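J.: This is the structure I have questions about; it appears just below.
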Amino acid sequence: MRPAGALRRSPVPSLNDLPPMNEPRRLRRIALVTGLSGAGKNSILRALEDLGFETMDNPPLNTLEDLVACGERNLAIGVDARSRGFDAETVLQTIERLKQNPGLRPELLYATAEDEFLLRRYTETRRRHPLARTGQVADGIALERLLTERLSRAADFLIDTSTLPLPGLRRMIEQRYGAESPGIAIALVSFAYPFGLPREADVVLDARFLRNPHYDLMLKPLTGLDPKVGAFIEADPNYTPFFAHIRSMVDFLLPRFVQEGKKYATIAIGCTGGQHRSVFLIEKLAAHLRQTGWRVGTTHREQESLSAANTGDGVRTKTMSSSATK
């Protein structure tokens, strides 16, 4: 990751000097990555760097437009409350000015997490929060939330890493910023309600009324990826009409999302433990959408969280209690 100022050249051209979009070229992507300290901002920047983005972390805010103007590659810039001259309104005004250039595709990414997970991460790493003036991490988190609240509300892509392991975070970034193809990119996510809704979701569906394989001793240790679990769920008389309604709704929505100009859509299905019903339904929906020509990626949030807990890899780990593994 390059230090602040590494891209500076003289003289610096204005944003209006960038090539117009009537030339046969793709939009240049600009990602302003912000959020709470400890929520995964650096991991996002590294993932973008692996995708070919030029990356910089915390340059002075008054240099952002110059840095964009003097580069040619896709660019990711880390901006947070530690940045020199930080002001949320200045960041938002900068994004709006960048959006006026037809050759650019700027987006604001905001990484967040619940307080308990941020506190745990700081405890595990024994790091000092950069805004903890009194030495109390909780005070630093509260102040940073206050300073960046407007950015959270205005974000084009809000990522909650509370229950998201590092491989899942990287996959989300790759799906959104990887090699582009025409049309909308669809992310399907299974999750467990006790661990919260995926904040990035555009559509959320609840599958908890279906028969629960957790209570079958033979199926309990399996997941929705296993055919035996699938057969059990499909035997529920409510399954067929429910999935038919899901298919019908999604088939109705996606073309209208495209018509609206959306480039990404996230559809989440939840159950009690995120291991059986939601996983099975996400896989069935993904198969249906791929058959009809949509570009689809799947994430099974709770399965990845458990895997990360077992391997020690991830943005965070959390052991699920027996009551939450349904």
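J.: Just need a number here: residues in the range 190-218 that are out of contact with any Lys or Arg (no Cβ under 6 Å at 6 or more places or on another chain) and either more than 19 Å from Phe157 (Cα to Cα) or among the hydrophobic types (A, V, I, L, M, F, W, C) (or both).
T.: If we filter the range 190-218 for residues that are out of contact with any Lys or Arg (no Cβ under 6 Å at 6 or more places or on another chain), which is where we start, we get 190, 192-206, 208-209, 211, 213, 215-218.
Still in the list and also either more than 19 Å from Phe157 (Cα to Cα) or among the hydrophobic types (A, V, I, L, M, F, W, C) (or both): 192-195, 197, 201, 203-206, 208-209, 211, 213, 215-218.
Number of matching residues: 18.
J.: Now for a different question. Pro102: crowded, with 20+ Cβ neighbours inside 10 Å, modelled with pLDDT of 85 or more, in the same structural domain as Leu158 (by TED's automatic domain parsing) and assigned to a loop (DSSP other than H, G, I, E, B), yes or no? Show your work before the answer.
T.: On the way: crowded, with 20+ Cβ neighbours inside 10 Å: no; modelled with pLDDT of 85 or more: yes; in the same structural domain as Leu158 (by TED's automatic domain parsing): yes; assigned to a loop (DSSP other than H, G, I, E, B): yes.
Criteria not met by Pro102.
J.: Residues that are of a type in the set (A, V, I, L, M) and at pLDDT below 95, at least 1 per element: which strands (runs of 3 or more DSSP E) completely within the range 115-227 meet that?
T.: On the way: elements: 157-160, 185-192, 203-206.
The strands (runs of 3 or more DSSP E) meeting that bar are 157-160, 185-192.
J.: For Gly270, indicate whether it is surrounded by 19 or more Cβ atoms within 10 Å (Cβ to Cβ), of a type outside the set (S, T, N, Q) and in a loop (DSSP other than H, G, I, E, B). Let's see the steps before the verdict.
T.: Working: surrounded by 19 or more Cβ atoms within 10 Å (Cβ to Cβ): yes; of a type outside the set (S, T, N, Q): yes; in a loop (DSSP other than H, G, I, E, B): no.
For Gly270, the condition - surrounded by 19 or more Cβ atoms within 10 Å (Cβ to Cβ), of a type outside the set (S, T, N, Q) and in a loop (DSSP other than H, G, I, E, B) - is not met.
J.: Go through Ser190, Ser152 for me and flag whichever is surrounded by fewer than 19 Cβ atoms within 10 Å (Cβ to Cβ) and among the hydroxyl-bearing types (Ser, Thr, Tyr).
T.: Details: Ser190 fails: surrounded by fewer than 19 Cβ atoms within 10 Å (Cβ to Cβ).
From the options Ser190, Ser152, the qualifying one is Ser152.
J.: Right, Gly52: under 28 Å from Pro198 (Cα atoms) and buried (at least 19 other Cβ atoms within 10 Å of the Cβ) or not?
T.: Numbers: under 28 Å from Pro198 (Cα atoms): yes; buried (at least 19 other Cβ atoms within 10 Å of the Cβ): no.
Here the answer is no, as Gly52 does not meet what is asked.
J.: Determine which member of the set Asp216, Asp156 is in the same structural domain as Ala113 (by TED's automatic domain parsing), farther than 16 Å from Ser278 by Cβ and of a type outside the set (A, V, I, L, M, F, W, C). Don't jump to the end; show me each part of the working.
T.: Details: Asp216 fails: in the same structural domain as Ala113 (by TED's automatic domain parsing).
Of the residues listed, the single one that is in the same structural domain as Ala113 (by TED's automatic domain parsing), farther than 16 Å from Ser278 by Cβ and of a type outside the set (A, V, I, L, M, F, W, C) is Asp156.
J.: Cβ-Cβ distance below 7 Å, separation of 6 or more or different chains: which pairs start in the range 230-248 with a residue that is closer than 26 Å to Met218 by Cβ and end on one that is assigned to a helix (DSSP H, G or I) and basic (Lys, Arg)?
T.: Ile233/Arg277; Phe243/Lys284
J.: Now a separate question. For the range 278-303, which residues satisfy the criterion of being basic (Lys, Arg), part of a helix (DSSP H, G or I) and more than 23 Å from Thr161 (Cα to Cα)?
T.: Residues of the range 278-303 basic (Lys, Arg): 284, 290, 295, 301.
Still in the list and also part of a helix (DSSP H, G or I): 284, 290, 301.
The answer is Lys284, Arg290.
The values are calculated or read from the model by the stated rules, or taken from the named source; none is laboratory data. A quick note: this is a predicted structure, and the numbers were derived from the prediction, not measured. We place every Cβ from the backbone using ideal geometry, glycine too, and count neighbours over all the protein chains shown.
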